[in-house]
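The values are calculated or read from the model by the stated rules, or taken from the named source; none is laboratory data. Worth saying up front: this structure is predicted, and the values here are computed from it rather than measured. So basically every Cβ, Gly included, is an ideal-geometry build from the backbone, and we count neighbours across all protein chains shown.
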Amino acid sequence: MSKSIQIKTELPGPKSRELVARREASMPAGYAKSTPLAVKRAHGAMVEDMDGNVLMDFTGGIGVLNVGHNAQAVVDAIKAQADELIHACGLVATTEPHVALAEKLCAITPISGHKKAMIQNTGAEAVETAILTARAATGRQAIITFEGGYHGRTLLTQSLTSKYALFKKGFGPFAPEIYRVPFPYVYRSGAVIDPKGFINSASLKLSDEQKMELTWESFERALIAQVMPEAVAAVIVEPVQGEGGFIPMPREFMRRLRETCTRYGIVMIVDEVQCGMARTGKLFAMQHYDIEPDIMVMAKSMGGGMPISAAVGRAELMDKIHLGGIGGTYSGNPVACASALAAIDTIEKENLCERAQYIGGIACDRMRQMQERFDIVGDVRGMGAMLAMEFVANRDTKQPLDPAKTVAIVQHAAANGVLMIRCGLYSNGIRFLFPLVITEDQLHEGMDVVEAAIASVV
Ligand SMILES: Cc1ncc(COP(=O)(O)O)c(C=O)c1O
């Protein structure tokens, strides 16, 4: 069996090093990167660096490439649209790809009744639109968000985001009227952190159900202690937390959340920016819950690689923002819309939802084998092909592994041909977002590299 990874130089090679040095001289120091590699071209699950090395991409450009790098239909659609019209601005005139994409998104979003779609450029922008829509529709201001949540880097979305030291240090004051509640992170919920380290929630002998109940209790308490439900415009939730560590929300918690939103007239906003577009084995993760949100936010893999996002919701909500209160120079850019239409069509035609379940199963088996082999693999979790491993220094206490060791795993993998990124509130996880078109052989080859990378730190 011929290998897909082809390493011809040391990694990073001389040309990667040269370009990265130019990047560092010309871009701000705070702009991080998980590998020291510079990429020239890519196809499917593989990228070629500046030195001609062929590497495997387990990040999918952070969840953007479910259809694979440079999917042919996407490339063709971009070229054809660019030949005809690159930009018009939706605030000036109407274009066919923009309308066709809005219609398509309304058709596929799992919310019943008449829907409308506001198309924008980044996930953060679409999250902001969802929040502003909820405020305009309810006349309320408060927003409930979850610990571990990540919603973007604009001031409002950063205010909604967790993980202070990494994403927020030095940037305050943040937007007001945001209330943060614990997420049902059952691997850790109920854990007590004492000055000497972590006391395992297992030592408290709590079942996952009991931990979920405790977290739900905190939610209900927040509606008394922090804000009253009648003041809340929206709850925003990722069905599977992304940056927070690929943690699926338990079904029962989601059901109660929906029930609470309905009871108090709170807009339920679901952020599917990372978990949407077939990643979890269904087009949208919410389809695993059989629960309808009021507004769904999507981006990343929706565009096949082009920057595009959308907030799609019930028409009577989406129509609540006043005329002129919503827009943007590049919203609905025809080239990005054509690319998104081709990407969604590819997801459907190539049955990428089924593919996600199939290759997700293989990847999960490999991770569970690694969990048996290495004590530092504390948890393997996720949904479909949205999978992560959480590393711990001690399986009993669940004390997070030193983040430097997780960085070392990522670096070892990169030096041996696999691009990876970390995740998790404690920066002690690695997440798998390989293109869904990856072949089985490629997946095993990449997993071998990951396994060797973990072995290198134990
Ligand atoms: C769940 C979630 N929401 C929102 C965002 C923000 O998207 P963007 O980086 O396109 O602004 C991200 C980005 O990683 C995300 O994972």
Taking Gly332, is it of a type in the set (Gly, Ala, Ser), more than 23 Å from Tyr150 (Cα to Cα), in a loop (DSSP other than H, G, I, E, B) and in contact (Cβ under 8 Å) with a residue 60 or more places away in the chain? yes
Can you spot a residue in segment 154-164 that is modelled with pLDDT under 95, within 16 Å of the chain's Cα centre (by Cα), under 28 Å from Met212 (Cα atoms) and not in a strand (DSSP E or B)? yes
Of everything in segment 175-209, what is modelled with pLDDT of 60 or more and either charged (D, E, K, R) or over 27 Å from the mean Cα position of the chain (by Cα) (or both)? Give them in sequence order. Glu177, Arg180, Arg188, Ser203, Leu204, Lys205, Leu206, Ser207, Asp208, Glu209
Working only within segment 1-59, note down all residues that are exposed (fewer than 14 other Cβ atoms within 10 Å of the Cβ) and closer than 19 Å to Met447 by Cβ. Met1, Ser2, Lys3, Gln6
Within the group Gly313, Gly304, which residue is farther than 18 Å from Cys106 by Cβ and not assigned by TED's automatic domain parsing to the domain that holds Ile421? Gly304
Looking only at segment 362-378, count how many residues are of a type in the set (D, E, K, R) and touching a residue at least 24 places away in the same chain (Cβ under 8 Å). 3
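Just to verify a result, which residue in segment 227-236, among those that are β-branched (Val, Ile, Thr) and within 16 Å of the ligand (Cβ to nearest atom), is nearest to Gly152 (Cα to Cα)?
Filtering segment 227-236 for residues that are β-branched (Val, Ile, Thr) and within 16 Å of the ligand (Cβ to nearest atom), the one nearest to Gly152 (Cα to Cα) comes out as Ile236.
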Those residues of segment 237-282 which are within 16 Å of the ligand (Cβ to nearest atom), touching a helix residue (DSSP H, G or I) at 6+ places or on another chain (Cβ under 7 Å) and not in a loop (DSSP other than H, G, I, E, B) amount to Val237, Val240, Met268, Ile269, Val270, Asp271
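When the residues of segment 291-327 are narrowed to those that are of a type in the set (A, V, I, L, M), surrounded by fewer than 24 Cβ atoms within 10 Å (Cβ to Cβ) and touching a helix residue (DSSP H, G or I) at 6+ places or on another chain (Cβ under 7 Å), which ends up nearest to Ile62 (Cα to Cα)? Explain how you work it out, then say what you get.
At the first step, the residues of segment 291-327 found to be of a type in the set (A, V, I, L, M) are 291, 295-299, 302, 306, 308, 310-312, 315, 317-318, 321, 323, 326.
Checking the rest, the ones that are also surrounded by fewer than 24 Cβ atoms within 10 Å (Cβ to Cβ) come to 291, 306, 315, 317, 321, 323, 326.
Retained after the next criterion (residues that are touching a helix residue (DSSP H, G or I) at 6+ places or on another chain (Cβ under 7 Å)): 291, 306, 317, 321, 326.
Working: Ile291: 26, Met306: 13, Leu317: 30, Ile321: 31, Ile326: 28 Å.
By that ranking, first place goes to Met306.
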Within segment 136-154, residues surrounded by fewer than 21 Cβ atoms within 10 Å (Cβ to Cβ) and in contact with a Pro (Cβ under 9 Å, 6 or more places away or on another chain) come out as Gln141, Glu147
Any residue at all in segment 111-119 that is within 16 Å of the ligand (Cβ to nearest atom) and closer than 30 Å to Gln226 by Cβ? yes
Can you tell me which residue among Glu103, Glu125 is modelled with pLDDT of 95 or more, assigned to a helix (DSSP H, G or I), of a type in the set (Asp, Glu) and within 12 Å of the ligand (Cβ to nearest atom)? Glu125
Would segment 365-374 turn up any residue that is of a type in the set (Phe, Trp, Tyr), modelled with pLDDT of 95 or more and either within 14 Å of the ligand (Cβ to nearest atom) or in the same structural domain as Arg256 (by TED's automatic domain parsing) (or both)? no
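Does segment 1-32 hold any residues that are part of a helix (DSSP H, G or I), within 30 Å of the chain's Cα centre (by Cα) and touching a residue at least 24 places away in the same chain (Cβ under 8 Å), and which are they? Let's see the steps before the verdict.
Going residue by residue through segment 1-32, those that are part of a helix (DSSP H, G or I) are 14-26.
If we keep only those that are within 30 Å of the chain's Cα centre (by Cα) as well, we get 16-17, 19-26.
Across segment 1-32, the qualifying residues are Ser16, Leu19.
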Given Ile362, Ile266, which one is modelled with pLDDT of 95 or more, surrounded by fewer than 18 Cβ atoms within 10 Å (Cβ to Cβ) and among the hydrophobic types (A, V, I, L, M, F, W, C)? Ile362
Taking Asp345 as meeting all but one of (1) assigned to a helix (DSSP H, G or I); (2) touching a Phe, Trp or Tyr at 6+ places or on another chain (Cβ under 9 Å), write down the number of the exception. (2)
Only one residue in Ala310, Ala340 is of a type outside the set (S, T, N, Q), within 22 Å of His114 (Cβ to Cβ), part of a helix (DSSP H, G or I) and within 16 Å of the ligand (Cβ to nearest atom), so which one is that? Ala340
Could you look through segment 133-153, keep only residues that are among the hydrophobic types (A, V, I, L, M, F, W, C) and outside any helix (DSSP H, G or I), and pick out the one that is farthest from Asp271 (Cα to Cα)? Ala142
Among (1) without any contact (Cβ under 8 Å) to a residue 24 or more places away in the chain; (2) surrounded by 18 or more Cβ atoms within 10 Å (Cβ to Cβ), the one test that Gln274 misses: (1)
